1. Would you calculate the separation in nanometres between label points at residue 43 and residue 356, each defined as 7 Å from the Cα along the Cα-to-beta-carbon direction?
2. Would you mind giving the three semi-axes, in whole Å and largest first, of the ellipsoid equivalent to the stretch 394-453 according to its Cα gyration tensor?
3. Principal axis lengths of the stretch 171-246 from Cα atoms, whole Å, largest first?
4. So between residue 87 and residue 160, what do we pick up on full extension, going 0.36 nm a residue minus the alpha carbon distance?
5. Simple spin-label model, 7 Å along Cα-to-Cβ: residue 435 to residue 232 in nm?
6. For the stretch 1-151, what's the radius of gyration and Dmax over Cα atoms, in angstrom?
7. Show me the ranking of peptides 38-48, 253-263 by mean Cβ neighbours inside 10 Å, starting with the highest.
8. May I ask for the angle, rounded to the nearest 10°, between helix 474-483 and the longest principal axis of the chain, with both axes built from Cα atoms and the value confined to 0 to 90°?
Ligand code: ACM
């Protein structure tokens, strides 16, 4: 029995060609050119199928051949691919290594879920691939998922499992929220206290709206070697890691490590690694030692992360300490900055120049427009897409990441098991119905929308099983929003295809939330 043709995100074009299926056997070989770019995709295909990589197809055919084809590059771009299955051969021709890798994920989804455990031996060794011709390419280049590891830390193995799931869904960006008030999680060689002090807190507030804490110390951080390992792991899977280093706010953990970098002359200044949630007054002060610190930290970050984009946060920076600090007020007056908003803009513009001089691009949350948006900055709209509309009209690239549809720490169902709600209910159907191009944005600015992104903030997401339960299948729905042509999106059809993917997540040991009847 051929398997159902059930791929998520749904391809641009998928035609069942009606011929005999391809039989996957112990003798099937994965054939790829000795090109370094395809070595990982070839090894990964062989691992999935439980077969070997070979130099050429075995006599009589029965090969899965991977190639990069300039004709596909020209027609479908570097992330596009053509996947052709006949009785004799499976061919994946990508526009680039990323396209080949995405094609492998589609092939994987044409095979039964038990493939994940048994390779070609699944289904009693009678696995076949239906005869199809698929042509596919993404709608958006930025298909992102953000994971907060400050509020709760995830060790490298868990981060890799999350990246594996993003790869299965053809996401392209892993946005790694590495620092915040509750923990600094990245080793910086020039400032060791960031992880000696800033990566640890004595306790955690266990729920929103509660005042008590659990009294259990929490912490952890990644060494630079581990960060590089994750970057390489993601890159092999066609995913770029975009690190986020928050400034000028959400910096309590950094300032607890190096108090002199903050507004020391503001009344009551006493930074701590926070044990509760919310927005805190600690902000970096605009003084030479602090600016040197930020340059040094970003310098090390640029060495570790080759991403063209570096996320600098920029959200929810309180202005109270600046405005209560005589030295900061004197700095604002001397630099013609009339208020805290303009000082926020000054920080962002300075950082944008620093990054641009090193060939990188700044991306920040939508508050980076306060006091004037830095030229060249890319905005990630989270409070309201209106900020993205305005920025796109002024020639800025934007990523759409609104609380209204893409915050997956928010409630999904309505049952007791959802716990204390944080914000709106973002149901699976609502996520699926999300349209990244704002309706009011004029067509000439549509190309400014790089894509969209799902958020997993971790105030109440303590562990990997909860990441998985909040993240999936909402990220599954989002993957189709950002990859598939708008006119191919059809929720009823998605609901028919979803069980096949969820069965695969079962085999992969993913604690996803099982949709209730009717959802
Ligand atoms: C945010 O949710 N503070 C970007």
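1. Inter-label distance under the simple model: 4.0 nm.
2. Computed over the stretch 394-453, the values are 29, 11, 8 Å.
3. Computed over the Cα atoms, the extents are 43, 31, 20 Å.
4. So the extension gain works out to 22.8 nm.
5. According to this spin-label approximation, the distance is 4.5 nm.
6. Expressed in Å, the Cα Rg and Dmax of the stretch 1-151 come to 15.3, 56.
7. My ranking of the peptides, most packed first, is 253-263, 38-48.
8. Tilt relative to the chain: about 80 degrees.
Each reported figure results from applying straightforward, stated rules to the coordinates on display, with no laboratory input. Computed from a prediction, not measured in an experiment: that's the story for all the values here. Please note: Cβ atoms are built from the backbone with ideal geometry, for glycine as well, and neighbour counts cover all protein chains shown.
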